[in-house]
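Just below is one structure, and these are the notes that go with it.
The values are calculated or read from the model by the stated rules, or taken from the named source; none is laboratory data. Everything quoted here is computed from the prediction, not taken from an experiment. Heads up, the Cβs are rebuilt from the backbone with ideal geometry, glycines too, and the neighbour counts pull from every protein chain shown. Accessible surface areas use protein heavy atoms only, side chains included; no ligands, DNA or RNA. Shrake-Rupley method; radii C 1.70, N 1.55, O 1.52, S 1.80 Å.
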Amino acid sequence: MEELRKLGKVQRMVEFMESRGVSNSDNYSNRFLANLILFLIEPCGDLAMNDKCCLLSQLMSTLSSAFLEDAYQHHLDTTKQENTCFQQNFVGNALLSSHQTKEYSLLRSYNEDMALVALDSMQKANSTLEDFCRSYFMFHELDVSKPQSIFKYLPILSFTESYIYQLDKKNEELLQTPNNGKSVFGGKDEKETQVLVSSFSNDPFRPLVTILEHEGLLTERIREELRHGEEYWALERKLCFALLNKEEILVEDVMKAIHLKSFDYRVLNLLLYQLQGAKVDELHMEFLSISEFLVEISDDLYDYEDDVLENNFNILRMFIRIYGASTAPAMLAKCISEAEDKYESLLESLDPQLSLSYHKRCAEATKEGGKLSGNPLGTWSIPTVIQDEELYRSKLKSDTP
């Protein structure tokens, strides 16, 4: 992907040269000149443009084909030496302590300019991908029971979800409950924390966007959903840190976060439309959006205790802070009821067969998840609220052998 960006820069410079009459009919010559100009305009200490031009003019007489051939050979020799050193260092890295190895891998992965996903991320994102195929393929008239329907689109869907999952796990690492109740980042050292923070401040989706663009799959709507993902992670950090620090939490931020949380499903769904060359069905998108909202609430109720322990975003946690322990369950129940009314209304607007199929899928998902409140069709069970989260975490840690 980096090479594609470099080629794009060169091509744009060639076009600029042509517009100024600084080009000739030979493509290779134009590329050479374009690369030279790009090099000259790169910042280099305190050297101004005029200084660079003067320096180049003075040294031009010393540049000859013989000198350049010697320079080329020198470059080959030093590159060979560097490769040998790299191989030796690579073997040496295998002997590093586990902490050093972890830090080395962390720094490499977070500074990588290409979209890469780890096998672990792919394995853990697989359950989401399976659910997406079983729940969303029907909206594209795809038969999930036929392998060819899945494997035709699986590579890009799997890569995208794994990439998003990888970033989501990094964000969760930033939210881990502090050991002392004060330090925001708990047991992480400063370097590790800085690397995690930088991964969200330097356009984390840019490598993925580059790939989707290269594959002809990127749309403005997909870009927007990816921006929603960044916004959700920022809101999650803001809200969870506010809980830890006993700061004010706005219900508007909470509701926005819970609606944004399923952005990965919407990205996958929009990609599936693009992969098939089909127009986005707005009714389906609206229906699935309210369904996603209800499923996210259901998941939050199911994972409530774990989310308290790990300081993850959870709508019940937020409602307890906003409304108090006694009122929060009723306010959440009201929110669920309003969403279910909208869900039922949109469900009736769907094709009857599609409606039946989705109804069946929701029942299957609830049963497989072992939840009492796994989807809009089931019953809802709000867990016992935890009024003092810090005490709850301390007690669990003290009880852990």
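Name the single residue that is modelled with the highest pLDDT among those in the stretch 192-206 being among the aliphatic types (A, V, I, L, M) and open to solvent by 10 Å² or more (accessible area, probe 1.4 Å).
Val197
Of the conditions (1) surrounded by 15 or more Cβ atoms within 10 Å (Cβ to Cβ); (2) in contact (Cβ under 8 Å) with a residue 24 or more places away in the chain, Asp299 clears all except one; give me its number.
It is condition (2) that Asp299 fails.
Can you pull out the residues in the stretch 141-161 that are over 10 Å from Leu129 (Cβ atoms), open to solvent by less than 80 Å² (accessible area, probe 1.4 Å) and more than 20 Å from the chain's Cα centre (by Cα)?
Leu142, Asp143, Val144, Pro147, Ser149
Quick check on the stretch 336-344. Is at least one of its residues touching a residue at least 60 places away in the same chain (Cβ under 8 Å) and either part of a helix (DSSP H, G or I) or over 14 Å from His259 (Cα atoms) (or both)?
No, the stretch 336-344 has no match at all.
Yes or no, residue by residue, for (1) among the hydrophobic types (A, V, I, L, M, F, W, C); (2) touching a Leu at 6+ places or on another chain (Cβ under 6 Å); (3) within 23 Å of Glu344 (Cα to Cα):
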site: Leu250; (1), (2), (3): yes, no, no
site: Asp281; (1), (2), (3): no, no, yes
site: Glu292; (1), (2), (3): no, no, yes
site: Glu305; (1), (2), (3): no, no, no
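Does any residue of the stretch 283-292 turn out to be in contact with a helix residue (DSSP H, G or I) (Cβ under 8 Å, 6 or more places away or on another chain) and among the small types (Gly, Ala, Ser)?
yes
Just to verify a result, which residue in the stretch 207-250, among those that are open to solvent by less than 40 Å² (accessible area, probe 1.4 Å) and more than 18 Å from the chain's Cα centre (by Cα), is nearest to Ala328 (Cα to Cα)?
This residue is Ile249.
Kindly check whether there is at least one residue in the stretch 304-320 that is open to solvent by 40 Å² or more (accessible area, probe 1.4 Å), hydrophobic (A, V, I, L, M, F, W, C) and modelled with pLDDT of 90 or more.
yes
Among (1) at pLDDT below 95; (2) surrounded by 12 or more Cβ atoms within 10 Å (Cβ to Cβ); (3) farther than 23 Å from Leu175 by Cβ, which single condition is Lys342 missing?
Going through (1) at pLDDT below 95; (2) surrounded by 12 or more Cβ atoms within 10 Å (Cβ to Cβ); (3) farther than 23 Å from Leu175 by Cβ one by one, Lys342 breaks only (1).
Inside the stretch 377-401, can you point out the residues that are at pLDDT 90 or above and open to solvent by less than 50 Å² (accessible area, probe 1.4 Å)?
The answer is Pro383, Val385, Ile386, Glu389.
With respect to Phe159, is the statement that it is at pLDDT below 85, aromatic (Phe, Trp, Tyr) and not in a loop (DSSP other than H, G, I, E, B) true?
For Phe159, the condition - at pLDDT below 85, aromatic (Phe, Trp, Tyr) and not in a loop (DSSP other than H, G, I, E, B) - is not met.
The rows are residues; the columns are (1) modelled with pLDDT under 80; (2) outside any helix (DSSP H, G or I).
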{"position": "Leu56", "(1), (2)": "yes, no"}
{"position": "Glu69", "(1), (2)": "yes, no"}
{"position": "Thr78", "(1), (2)": "yes, no"}
{"position": "Gln81", "(1), (2)": "yes, no"}
{"position": "Asp113", "(1), (2)": "yes, yes"}
{"position": "Ser127", "(1), (2)": "no, no"}
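Could you look through the stretch 162-182, keep only residues that are open to solvent by 50 Å² or more (accessible area, probe 1.4 Å) and at pLDDT below 65, and pick out the one that is farthest from Leu218 (Cα to Cα)?
Among them, the one singled out is Asn180.
If we scan the stretch 16-24, do we find a residue that is at pLDDT 70 or above, surrounded by 12 or more Cβ atoms within 10 Å (Cβ to Cβ), touching a Ser or Thr at 6+ places or on another chain (Cβ under 6 Å) and assigned to a helix (DSSP H, G or I)?
yes
Looking at this structure, is Glu286 closer than 30 Å to Asp351 by Cβ and in contact with a Ser or Thr (Cβ under 6 Å, 6 or more places away or on another chain)?
The answer is no for Glu286.
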